[in-house]
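Data block below; observations after.
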Amino acid sequence: MRKISGIALSAVLALQAGAAFAADDWTAELMVDEKNPTAIYKPLPVGALTKPWKLCVAFPHMKDAYYVAKDYGVMIEAKRQNVSATIMAASGYDDVAGQIQQIEDCVAAGGNAVLVNAVSKSGLNGMIEELSRKGVPVLDLGNGVTTDKIAAAALAQYYYAGATAGKYLAGTYPAGSGKKKMVWLAGPAGSQWVEDAVKGMKDAIAGSDVELVKVIYGDTGKATQMKLLEDALQTYPDLTIIGGVAPAIEGAMEIVKEKGIKDKKLIAFYSTPPIEQAVRDGIVMATVNDNNLLGSRISVDQALRLLEGKLEVKVASRKFSIIDGKNVNTYDRTTLIAPDGFKPVFRIDAVKK
């Protein structure tokens, strides 16, 4: 597991519980090690910046509510600090060239730092290393890359996302309870977060009565995921559990309703508003909260701290938790999901004072 480095015994990290989320005063719970003691991340206060910095923010796509929430997190933190940001979306996880071009164009237009949810764990390495040589910091928004030239990272270590879902399943179907077959719709092959989540899930279900019959890879677009699931249902008609990426589970909800299937249990390892509502309605058994909206705020703050020479937490790892019928109406959704009706924004301009 990657460790948080550069921890300062200051206001940035305080060992205490709880989390606040407000326009000018927010904090975030972080993982420190595998035993999960709580560390609290605090951002720079408003008014602490010396320049009107410009950020370049690159996402793989804007096809689902997960990245809409991340977009919202970037927007509100950029507005809180009154900095400019260009937010870009590639066409999907196969669009390495497109994401590279978007980032290069943004930096050429005056971007001071790059925040990226990479479409590939290694495909952007050359560009990241070149920008590092030029003094433009590149920060990992969470998907993971293999170069050591990343300046900072706001990680949701997806091993623990998969493990959180897997632990929930193992607790629901312990050894001796009766075998339950599962397919896992993992997301795009080769992406670091996908592979990490698969490993975490496999480790967590070991020794339980959950039998993983197939890991299925594909783009996270819902149409693609639905086609993959239709094929899986034909190949494995005795499935009990369908798990994986949120768009796959959204698609599974439609398929089981259309076909009148009542014996399938659904679980996602990250969350969107339809998934959350389906948990509330009892259609999905559980989903994982990775605090992704809060992750965007952390990454923006890390970028500004880097540019100001004040970075203290180089790797900020968010915590995970399960959302199920017991807590779906009480967990803090402001860390996860954009407000109802929010539409993605792609440009944020600092207000001149």
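The values are calculated or read from the model by the stated rules, or taken from the named source; none is laboratory data. Note that this is a predicted model, so its numbers are computed, not measured. For neighbour counting, all protein chains shown are included, and Cβ atoms are generated from backbone atoms with ideal geometry for every residue, glycine included. Only protein heavy atoms, including side chains, enter the accessible area calculation; ligands, DNA and RNA are left aside. Shrake-Rupley method; radii C 1.70, N 1.55, O 1.52, S 1.80 Å.
Figures for the structure shown
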read-out	value
Count of segment 73-105 residues which are in a helix (DSSP H, G or I) and over 20 Å from Arg305 (Cα atoms)	10
Hits in segment 129-149 (condition: aliphatic (A, V, I, L, M) and surrounded by fewer than 23 Cβ atoms within 10 Å (Cβ to Cβ))	Leu131, Val136, Val145
Condition check for Glu312: of a type in the set (Asp, Glu), under 21 Å from Gln157 (Cβ atoms) and surrounded by fewer than 22 Cβ atoms within 10 Å (Cβ to Cβ)	yes
Residues within segment 90-101 that are touching a helix residue (DSSP H, G or I) at 6+ places or on another chain (Cβ under 7 Å) and within 20 Å of Lys343 (Cα to Cα), tallied	2
Residue tally, condition outside any strand (DSSP E or B) and of a type in the set (A, V, I, L, M), over segment 114-165	15
Scan of segment 325-353 for residues that are loosely packed, with under 15 Cβ neighbours inside 10 Å, charged (D, E, K, R) and under 17 Å from Gln277 (Cβ atoms), ordered by number	Lys326, Asp332, Asp340
Extreme residue, nearest to the chain's Cα centre (by Cα), among residues of segment 89-117 that are among the hydrophobic types (A, V, I, L, M, F, W, C) and open to solvent by less than 20 Å² (accessible area, probe 1.4 Å)	Val116
Subset tally (residues that are assigned to a loop (DSSP other than H, G, I, E, B) and farther than 16 Å from Gly142 by Cα) for segment 251-303	11
Residue satisfying all of: in segment 216-233; in contact with a helix residue (DSSP H, G or I) (Cβ under 6 Å, 6 or more places away or on another chain) and open to solvent by less than 50 Å² (accessible area, probe 1.4 Å); farthest from Ala118 (Cα to Cα) among these	Leu229
Qualifying residues in segment 234-251 (those that are in contact (Cβ under 8 Å) with a residue 24 or more places away in the chain and open to solvent by 10 Å² or more (accessible area, probe 1.4 Å)) - the one nearest to Ala268 (Cα to Cα)	Glu250
Leading residue by the ranking (farthest from Leu155 (Cα to Cα)) among those in segment 266-309 that are among the small types (Gly, Ala, Ser) and either within 19 Å of the chain's Cα centre (by Cα) or open to solvent by less than 40 Å² (accessible area, probe 1.4 Å) (or both)	Ala278
Checklist (1) touching a helix residue (DSSP H, G or I) at 6+ places or on another chain (Cβ under 7 Å); (2) more than 23 Å from Tyr160 (Cβ to Cβ); (3) hydrophobic (A, V, I, L, M, F, W, C) applied to Ala303, failing item	(1)
Cross-chain or 6+ apart pairs with Cβ under 7 Å, segment 301-312 first and under 14 Å from Leu115 (Cβ atoms), then of a type in the set (Val, Ile, Thr)	Leu304/Val83
Residues being open to solvent by 10 Å² or more (accessible area, probe 1.4 Å) and of a type in the set (Gly, Ala, Ser) - total across segment 51-68	1
Residues satisfying the stated conditions in segment 152-190, i.e. under 23 Å from Asp95 (Cα atoms), among the aliphatic types (A, V, I, L, M) and buried (at least 17 other Cβ atoms within 10 Å of the Cβ)	Ala153, Ala154, Leu155, Ala156, Leu185, Ala186
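Residue-wise test of (1) of a type in the set (Asp, Glu); (2) at pLDDT below 95; (3) within 30 Å of Asp95 (Cα to Cα).
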residue	(1), (2), (3)
Ala23	no, yes, no
Ile40	no, yes, no
Val46	no, yes, no
Lys54	no, no, yes
Pro60	no, no, yes
Tyr66	no, yes, yes
